[in-house]
Amino acid sequence: HFGLLSHGNATGRRYGGGGLMIDRPGCEVAVCRAEEDDVVASAEKVEERVRGILERYRANCPTEFRPGACRVEVRRSLPSHGGFGSGTQLGLAIAQGLALLAGEGTVDTVTLAKRIGRGARSAVGIHGFARGGLLVDGGQVDEASIGVLIARSEFPPAWRFLLVTPNATEGLSGDCEHDAFARLAPMPTETTAELCRLMMTQLLPAVAEADFAAAGNALYEYGRHVGEYFASCQGGVF
């Protein structure tokens, strides 16, 4: 996730942002029928998260497609709270598995996200789950909606990302994340305008033309502007 386009403004859409789907690290789950619910995961917190996903999914899906007891095996999972959208990818993978298991077939990802309570802010991972690529989320109309996909581009297959993650560090989540957003002053409209300019007139065209230097510069500037806005609650610009 490259960062949000807007936050706390009285006009315009809520949040929005840009991001890219990558193939590694990844998430893989297996779902099958069972006598009673059973979760197989390498970490206790992942098991707890899966049980919460099952509970929310059953509470929000149509009665005729409500899945019975099942076994969910998490074969691969993403690092939590590191900007990889781990909760969204795990939740959507399980939700799609449950829909298939219950005979509903392939369900669109926005519907699945609503069933499991994802998309409160960013929708990049929701749209990316189904389509991959470089994506731009246009933001929410209101808090009950999920951000709309306004642009998508294939990413040059020869380009690579180097992922560098600080040791023993997790980003904010849950109540701490909610409180941090609540403390932030609204993002200046000038910042939102600059982020939109960088995304729509620099990054996306550079990717479409496979201009590596221009794309890298645009992404750096985008990240710098987002980081300056969130610096007070994340310990610095980067």
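The values are calculated or read from the model by the stated rules, or taken from the named source; none is laboratory data. Since this is a predicted model, take the numbers as computed values, not measurements. Every residue, glycine among them, receives a Cβ derived from its backbone with ideal geometry; neighbour counts consider all protein chains shown. Surface accessibility is based on the protein's heavy atoms, side chains included, excluding ligands, DNA and RNA. Shrake-Rupley method; radii C 1.70, N 1.55, O 1.52, S 1.80 Å.
At SER153 and ARG66, where each label point lies 7 Å from the Cα along Cα→Cβ, what is the point-to-point distance in nanometres?
Distance between the two pseudo-spin positions: 4.6 nm.
Along each of the three principal axes of the Cα atoms of segment 44-95, give the extent in whole Å, ordering the values from largest to smallest.
If we take the Cα atoms of segment 44-95, the spans are 36, 19, 14 Å.
Report, largest value first, the span of the C-alpha coordinates of segment 89-238 along each principal axis, in whole Å.
Projected onto the principal axes, the Cα atoms of segment 89-238 cover 47, 40, 36 Å.
Determine the shape class of segment 2-78: with a ≥ b ≥ c the square roots of the Cα gyration tensor eigenvalues, call it rounded for a/c under 1.5, and otherwise prolate if a/b is greater than b/c, oblate otherwise. Numbers along the way, then the final one.
Details: a/c = 2.84, a/b = 1.63, b/c = 1.74.
It is oblate, given that a/c is not under 1.5 and a/b is not larger than b/c.
Can you compute the modelled spin-label distance between HIS178 and THR111, with each label point 7 Å from Cα toward Cβ, in nm?
The two pseudo-label positions are separated by 2.9 nm.
Where Lys and Arg each count +1 and Asp and Glu each count -1, what net charge lies around LEU92 among other residues with Cβ under 14 Å from its Cβ?
+4
Compute the accessible area per residue over the chain, keeping the other protein chains in place, probe 1.4 Å, unit Å².
54
Probe 1.4 Å, all protein chains in place: accessible area of THR88 in Å², nearest 10?
Accessible surface of THR88 is approximately 20 Å².
Taking springs between alpha-carbon atoms closer than 10 angstrom, which of PRO205, PRO62, PRO157 fluctuates most in the Gaussian network model of the chain?
PRO157
Let a ≥ b ≥ c be the square roots of the eigenvalues of the Cα gyration tensor of segment 43-138; is it rounded (a/c under 1.5), or, if not, prolate (a/b larger than b/c) or oblate? Mind dumping the intermediate values first?
Numbers: a/c = 1.83, a/b = 1.22, b/c = 1.49.
Verdict is oblate for segment 43-138.
Between VAL40 and GLU228, what is 0.36 nm times their sequence separation minus the Cα-Cα distance? Round to one decimal in nm.
63.6 nm
Using helices alone, what [θ] at 222 nm do you get for the chain, with -39,500 (n - 2.57) per DSSP H run of 4 or more residues, divided over all residues and rounded to the nearest 500?
It comes out at -12500 deg cm²/dmol, rounded to the nearest 500.
Over the chain, what percent of the accessible surface lies on carbon and sulfur atoms, probe 1.4 Å?
Answer for the chain: carbon and sulfur cover 51 percent of the accessible area.
Dividing the alpha-carbon radius of gyration of segment 142-198 by 2.2 N^0.38 Å (N being the number of residues), what value is obtained? Intermediate results must be reported in sequence, preceding the final value.
Values: Rg = 16.6 Å, N = 57, 2.2 N^0.38 = 10.2 Å.
The value comes to 1.62.
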